[in-house]
Amino acid sequence: MKDMSMIVRYRPFSDVLRRRSAFDRLVARSVAQPAWGVRSLVAPMNLTENEKGFEVRVQLPGLKPEDIEVTVLENTLTVKGQYHTSQEQQGEQKQWLVREISSGSFQRSVTFPKTVDFEKIATNYENGVLSITVPFSEASQPKRIRIAPQESEQPTAETGK
């Protein structure tokens, strides 16, 4: 009878390189060069929570306030914007050597895990950073419930206790 054992060699270094190379190719295809030749714009966002509510900060360098739209629907806040191509880029034909400044639209949404009061949202746009303060609603604020003392049985004339 023939020996049917299989020898499998473990090569941790080359296995890691092979997996890493495949991962790098996947990232390069999907992020750096998205499918269909479309470059999607992403506005970097930070979301923090404190005792009063949420603070959203979105980096939007080069945008004017009129190019930004902030909307709310139920418990979701959405920030949309439009980057415009300058006239210089639109006019003449050029052979691009490096083109990293994009034009187009973007949209970022965040759904809050707690109920918020959208009537009291405050925004500030300064130096290309949009700050949005979103306070918690009164319904989501903890409320202290007063605990009534236990009523002790007082002797009454009827029971005689």
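Just so it is clear, none of the values below were taken in a lab; they were calculated from the coordinates. Everything quoted here is computed from the prediction, not taken from an experiment. Glycine also receives a Cβ, built like all others from the backbone with ideal geometry; neighbour counts cover every protein chain displayed.
In debye, nearest 20, what is the charge dipole magnitude of segment 93-137 about its Cα centre with +1 on Lys and Arg Cβ and -1 on Asp and Glu Cβ, if you could check? Intermediate results must be reported in sequence, preceding the final value.
Values: 5 positive and 4 negative charges, 44 e Å.
The calculated dipole for segment 93-137 is roughly 220 debye.
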Requested in this report: Could you rank the peptides 100-108, 143-151, 53-61 by their average count of other C-beta atoms within 10 Å per residue, with the highest value first?
Outcome: 53-61, 100-108, 143-151
Query raised in the report: Considering every pair of different Cα atoms, what Kirkwood radius, in Å, is found for segment 42-140?
Result: 15.1 Å
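What list do you get for 47, 130 if you sort them by fewest beta carbons within 10 Å? Before the final figure, lay out the partial values.
Values: 47 14, 130 21.
So the residues, fewest neighbours to most, are 47, 130.
Too long at a 22 Å Cα-Cα cut-off: which of 52/143; 52/80; 64/94?
In this structure, 52/80; 64/94 lie more than 22 Å apart at Cα.
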**Report entry** Theoretical gain in end-to-end length, residue 71 to residue 145 [0.36 nm per residue, Cα-Cα removed]
**Finding:** 23.1 nm
